[in-house]
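The values are calculated or read from the model by the stated rules, or taken from the named source; none is laboratory data. The model shown is predicted, which means the values in this text are computed figures rather than measured ones. Every residue, glycine as well, gets a Cβ built from its backbone with ideal geometry; the counts of neighbours run over all protein chains shown.
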Amino acid sequence: MSIEIIKNIEIEEKDKITEKLNPFVVWPGGKRQLLKYIFPLFPKNYNKYIEAFLGGGAVFFNLQPSKAIINDANEELINAYLAIKSNPEKLIELLKEHGKNNSKDYYYKIRSLDRNINFSSLSSIERAARFIYISKSCFNGLIRINKKGQINSSFGNKSEITFDYENIRKISKFLNENNDVEIINGDYKEVFKHLNSGDFVYLDPPYYPVSATAELVHYTKEDFTTEKQIELKNECDKLTQRGVKFLLSNADCDFITDLWKDYKILTVETKRMICSDPSKRGPVNEVLVKNY
């Protein structure tokens, strides 16, 4: 096992990027703080770029690959990506209505829709607008999912909320101009089945809790258990055997460093930005694991 501590790496400017794109939702473990460490570690050459745990998409939006597969297990999140691609203006129209009506009562009314048997009758655009509205108006901007797959984030007591409509339009433009970007909602293992030698995967799974009291954030109805952490490592072993390169982020703890000891491990310092307890926000170490 090789463990290296890296600091103060400067990210190179990418000449091909002409439009700055930002995540349209806050997501647990968002990678904006780590981009300066992540990008210099990417392999120089690869065929297709894959994100199996997309989340808010900070890495994807900053990289802007022309050929990619992006996947997440959260159905409502991926539906929002697809809605932005297919009909941004209708989505913006609905977001303006949500913003105008924003209040505590209105928030809980909209949140409760996924408890209604008629939820499936909502259009994909209506569901996406609901999801993005909740992400902007909930406590800490942090979507949480219960065991039934329902959003249970509490109201954030914001009297006014804003949406970056221009960013939504730019994301839509990028997704429509790059026909080789495939958007998938499913299990990461299904995505892995279609990867070939020379492809590159960035993996940002739910992090292993660093202590018994660590705050766990559920953004799908299924827990990412210790067994699933081990399963992910085993699946990455198979990728390595097939010539697929990967870079993985996770918590810096004994379990993770021991689990991934067969690979190169780098330790980086970042900041925890969205912990519900402000006293627990601040510097924290994470690891980056790679097989190349």
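Condition (residue is modelled with pLDDT under 95, over 30 Å from residue 287 (Cα atoms) and surrounded by fewer than 16 Cβ atoms within 10 Å (Cβ to Cβ)) applied to the range 178-187: is it met by at least one residue? Lay out the reasoning, then the answer.
Narrowing the range 178-187 to residues modelled with pLDDT under 95: 178-179.
Then keep just the ones that are over 30 Å from residue 287 (Cα atoms); that gives 178-179.
Keeping just the survivors that are surrounded by fewer than 16 Cβ atoms within 10 Å (Cβ to Cβ) gives 178-179.
Yes, the range 178-187 contains at least one residue that is modelled with pLDDT under 95, over 30 Å from residue 287 (Cα atoms) and surrounded by fewer than 16 Cβ atoms within 10 Å (Cβ to Cβ).
A single entry from 289, 217 fulfils the requirement of being surrounded by 15 or more Cβ atoms within 10 Å (Cβ to Cβ), at pLDDT below 90 and at negative phi: 217. When the range 143-157 is filtered for residues that are in contact with a helix residue (DSSP H, G or I) (Cβ under 8 Å, 6 or more places away or on another chain) and buried (at least 16 other Cβ atoms within 10 Å of the Cβ), the ones remaining, listed by number, are 143, 151, 153, 155, 156. Within the range 117-130, is there a residue that is assigned to a helix (DSSP H, G or I) and among the β-branched types (Val, Ile, Thr)? Yes, some residue in the range 117-130 is assigned to a helix (DSSP H, G or I) and among the β-branched types (Val, Ile, Thr). Given the criteria in contact with a Cys (Cβ under 6 Å, 6 or more places away or on another chain) and closer than 21 Å to residue 38 by Cα, does residue 200 qualify? So residue 200 fails the test.
Would it be correct to say that residue 113 is part of a helix (DSSP H, G or I) and either over 22 Å from residue 222 (Cβ atoms) or not assigned by TED's automatic domain parsing to the domain that holds residue 152 (or both)? It is false that residue 113 is part of a helix (DSSP H, G or I) and either over 22 Å from residue 222 (Cβ atoms) or not assigned by TED's automatic domain parsing to the domain that holds residue 152 (or both). Restricting attention to the range 224-261, the residues that are under 23 Å from residue 193 (Cβ atoms) and of a type in the set (D, E, K, R) total 9.
Just for helices (runs of 4 or more DSSP H) wholly inside the range 164-271: which have at least 2 residues that are touching a helix residue (DSSP H, G or I) at 6+ places or on another chain (Cβ under 9 Å), within 21 Å of residue 60 (Cβ to Cβ) and among the β-branched types (Val, Ile, Thr)? Those helices (runs of 4 or more DSSP H) span 165-177.
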